[in-house]
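Data block below; observations after.
Here, each number is a calculation from the coordinates, and none is a lab measurement. Please read all numbers here as calculations on a predicted model, not as lab measurements. As a convention, Cβ positions derive from the backbone with ideal geometry for all residues, glycine included, and neighbour counts pool all protein chains shown.
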């Protein structure tokens with residue numbers, strides 16, 4: 001009788017290490033960003049400024065992310081994924097730690113701006129390392145796992161806001177954000193360099209720039225796509241705790257809601273990332289966006305806390321469901337010689353375009369009211385996103401390694 005073939009593992013140990021490094025890096029990076037979201041009113045009182053000025057610090061962070069994508073993306077394509085990823089993690093962790101010592105608003109704004117450089121570098125390098133390390137047929141689900149790190153970071157920030165803020169104050173929340181620097185040791189000891197990078201490495205920065213510029217049409221499309229994706233995510237997440245506060249809910253209650261809707265985000269990223277394998281990247285992304293569109297009335301106009309929480313849960317299933325496809329989609333579209341640079345830079349330039357989102361929605365609130373401001377803005381974003389995705393390219397299952 002023929003012997004049964006041993007079942008192949010989902011991923012090999014070294015592949016899991018690469019995925020873990022990418023996931024944890026994005027989780028901790030997102031945590032460091034979202035800490036400030038829960039402190040808008042607290043920091044405004046501490047620094048004797050308006051809430052609008054604290055909200056502006058989030059825009060400053062987002063605006064600096066392209067610079068981080070350029071710096072760390074170029075280093076990743078020239079010198080490999082591991083070293084730049086370790087340097088990036090240490091950089092944003094140290095800056096986050098220093099935020100806890102800010103004596104005034106000006107210093108805090110400066111630190112949050114500098115932090116944006118570190119935040120901008122992590123995603124592109126980490127995503128390329130993970131996507132290049134796994135089999136093509138695993139990319140959909142792994143893409144969802146990696147992107148769910150963003151929601152995990154938001155979830156951790158909500159938990160810290162609920163438990164650490166009342167006990168030790170706002171500074172301790174930023175001090176906790178310095179701990180991610182320890183991740184660099186894990187990357188150093190457990191993660192191997194990408195074989196795809198070794199096969200496609202270029203000898204100098206000039207060659208990287210030439211490869212990027214020769215694909216400018218694709219690059220512009222990816223920037224537009226990522227601008228809409230960032231309007232989609234930041235427009236539904238960043239001000240939502242402040243929106244709930246305007247409805248009279250306490251910080252503890254808001255943290256509970258944020259924990260709940262970030263669980264929905266995790267569900268969405270994993271579900272739609274997995275669905276992007278049989279359905280395709282574009283079709284699954286549009287389906288996720290459509291889910292968010294349908295729930296906007298409950299999310300923005302719910303009359304009770306339960307209604308708002310359910311709306312927030314479902315809309316984040318759609319938002320992060322769409323985002324769960326992005327790491328695989330952008331890496332498959334990108335030329336191999338600049339896979340460390342192009343996905344992350346397109347993502348962060350899209351972030352730059354979308355960086356005024358919180359300021360825009362906050363200004364619309366004064367004209368239309370909070371509910372109509374966030375609802376109308378996101379309806380327009382989702383409809384345009386669906387059109388752009390449907391009309392764009394797709395290369396699902398593209399092989400990154402040269403045949404041997």
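According to the square roots a ≥ b ≥ c of the eigenvalues of the Cα gyration tensor, what is the shape class of the stretch 197-273, taking rounded for a/c under 1.5, prolate for a/b larger than b/c otherwise, and oblate for the remainder?
Numbers: a/c = 3.35, a/b = 2.60, b/c = 1.29.
Prolate shape, in that a/c is at least 1.5 and a/b is the bigger ratio.
Starting from the Kirkwood radius over alpha-carbon pairs of the chain, derive D by Stokes-Einstein at 25 °C in a medium of 0.890 mPa s and give it in µm² s⁻¹.
Values: Rh = 21.1 Å.
The estimated diffusion coefficient comes to 117 µm²/s.
So for each of 53-61, 72-80 I average, over its residues, the number of other beta carbons within 10 Å; can you give me the resulting order with the highest mean first? Intermediate values should be presented prior to the final figure.
Details: 53-61: 21.2, 72-80: 23.4.
The peptides rank, most packed first, as 72-80, 53-61.
From the square roots a ≥ b ≥ c of the eigenvalues of the alpha-carbon gyration tensor of the stretch 135-287, which class results: rounded (a/c under 1.5), prolate (a/b over b/c), or oblate? Working shown, then result.
Values: a/c = 2.00, a/b = 1.53, b/c = 1.31.
Prolate, because a/c is 1.5 or more and a/b exceeds b/c.
So how far, in whole Å, is the C-alpha centre of the stretch 323-350 from the one of the stretch 239-271?
Taking the Cα centre of each part, the stretch 323-350 and the stretch 239-271 sit 28 Å apart.
What order do you get for 247, 365 when you list them from fewest to most C-beta neighbours inside 10 Å?
Details: 247 14, 365 18.
Lowest to highest Cβ neighbour count: 247, 365.
Any chance you could check the Cα centroid distance between the stretch 31-67 and the stretch 77-147 for me, in angstrom?
Going from one Cα centre to the other spans 18 Å.
Once you have the Kirkwood Rh of the stretch 147-187 from its Cα pairs, apply Stokes-Einstein at 25 °C and 0.890 mPa s and quote D in µm²/s. Can you show the working numbers first?
On the way: Rh = 11.2 Å.
Diffusion coefficient, whole number: 220 µm²/s.
For the residue pair residue 107 and residue 395, what label-to-label distance in nm results when each label sits 7 Å from Cα along the Cα-to-beta-carbon direction?
4.8
Can you give the angle from 0 to 90° between the axis of helix 139-168 and the longest principal axis of the chain, with both taken from C-alpha atoms, to the nearest 10?
30
Taking neighbour counts of Cβ atoms within 10 Å as a proxy for exposure, in what order, fewest first, do 299, 170 appear?
Details: 299 26, 170 20.
The fewest-first ordering by Cβ neighbours comes to 170, 299.
Starting with the fewest neighbours, write out 366, 29 ranked by other beta-carbon atoms found within 10 Å of each beta-carbon.
So the residues, fewest neighbours to most, are 366, 29.
Can you show me the helix-derived [θ] at 222 nm for the chain, built from DSSP H runs with n ≥ 4 at -39,500 (n - 2.57) apiece and divided by the number of residues, rounded to the nearest 500.
Dividing the helical sum by the residues of the chain leaves -26500 deg cm²/dmol.
With everything on Cα atoms, drop me the angle between helix 342-354 and the longest principal axis of the chain, reported from 0 to 90° to the nearest 10.
So the inclination is approximately 20 degrees.
Expressed as an acute angle from 0 to 90° and rounded to the nearest 10, what is the orientation of the C-alpha long axis of helix 105-133 relative to the principal long axis of the chain?
30
Place the peptides 282-295, 324-337 in order of packing, highest mean first, counting for every residue the other Cβ atoms within 10 Å and averaging per peptide. Before the final figure, lay out the partial values.
Values: 282-295: 20.6, 324-337: 26.3.
The most tightly packed comes first, giving 324-337, 282-295.
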